[in-house]
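The next block holds one structure in the form of structure tokens; read it before the comments.
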Amino acid sequence: MSRSDGAGIPSGCDATGHSPRGITRTRGFNPGLKAVKPSAWFLAAVLLTGCDSKPSESPAPSRPTGGRPVVYTVSHPLQYFAQRIGGDAVDVVFPAPAEVDPADWMPDRDAIKAYQSADLILLNGANYAKWLDKVSLPEAKLTDTSAPFRAQLLKVQDVVTHSHGKGGEHSHTGTASHTWLNPRLAAMQAEAVRDALARLVPAQKDEFEANLIALKQDLLTLDAELEAILKPHRDRPVLFSHPIYQYFQQRFALHSRNLHWEPDEFPDEAAWKAFEDLRKESSFDLVIWEGTPSEKTVAELRKRGVRITVFTPCANIPAQGDFLTVMRENTARLKAAFGSGVE
């Protein structure tokens, strides 16, 4: 891939798992968030039909046997935060298969039982992980890590109906969920993880605090690097391939719009027409993708004078590295993309 395509291929976090065809604007604020309402812990999971709601066929998660408290999470970022903060004091598990988008994943019965048996369950909040509305988890074990900034959660204002595999047509509404893409909010989520771990293992609270300080330093350094790259380009129109970047767009005050395109699908004629209509409104020359698009799509964009780069949200465990290394790779690609011109 040439320099104009964003300096390389990312290290493997999954994309968002949607297949829409519309275009949306950046989002506004939502004054509150409807909390998850779990019922009795002993109830079995109730599986409902929905977007990607079929349970994944994956090996049954096993509870670690080292005698340490077991922490389950609903995303890789939370897994990473808990591992960094908890160290050897806890066992942290995120059981989603590698090929799924955790936002739309439906755990199978064995995975749900493993969540129910955990000592602590870390939630992202902001309506992330739709399966939580379909099962019963023990309320005393739940920690909503976005609760401290609930007033800052963003509302998805536009309703876009699209097809998604065998699930038929559906629309995306409600609360924007990828909170960790704002590094400052990610740091606040890490603080919530520290608090939950300190309640779980009070004897280790000083160690947890020291580990949190180191993690927050990494996240805020990332934030400063992104600010330095993006601040000079706030007035530059930029397009995102998927409407999952609301917190990133807001944090860095980007002049941005959102597509509903999939990396592995070549846009149809209607999608390209909508694309060109959007270019008449704002003359952008860069599309930021959540995963590397097909060569055919890249070639077509080049013909139209548009470059691409990849900023993966890293919701699932990457093939290589971890959350922080992937975010650093994202940052390096953004620096290359905003520093180069159209070939």
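The values are calculated or read from the model by the stated rules, or taken from the named source; none is laboratory data. Owing to the predicted nature of the structure, the values given are computational and were not obtained by experimental measurement. Don't worry about glycine lacking a Cβ; one is built from the backbone with ideal geometry, like all the others, and counts go over all protein chains shown. Areas reflect the complete protein model, heavy atoms only, side chains present, ligands, DNA and RNA absent. Shrake-Rupley method; radii C 1.70, N 1.55, O 1.52, S 1.80 Å.
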State whether one or more residues within segment 225-233 are modelled with pLDDT of 95 or more, in a helix (DSSP H, G or I), under 18 Å from the mean Cα position of the chain (by Cα) and closer than 20 Å to Arg328 by Cβ. yes
Any idea which residue in segment 244-267 is nearest to Lys296 (Cα to Cα), counting only those that are open to solvent by less than 70 Å² (accessible area, probe 1.4 Å) and charged (D, E, K, R)? Glu265
Exception for Glu169 within (1) open to solvent by 10 Å² or more (accessible area, probe 1.4 Å); (2) modelled with pLDDT of 95 or more falls at (2)
Can you tell me which residues in segment 297-330 are among the polar types (S, T, N, Q), in a helix (DSSP H, G or I) and either without any contact (Cβ under 8 Å) to a residue 40 or more places away in the chain or open to solvent by less than 10 Å² (accessible area, probe 1.4 Å) (or both)? Thr297, Asn330
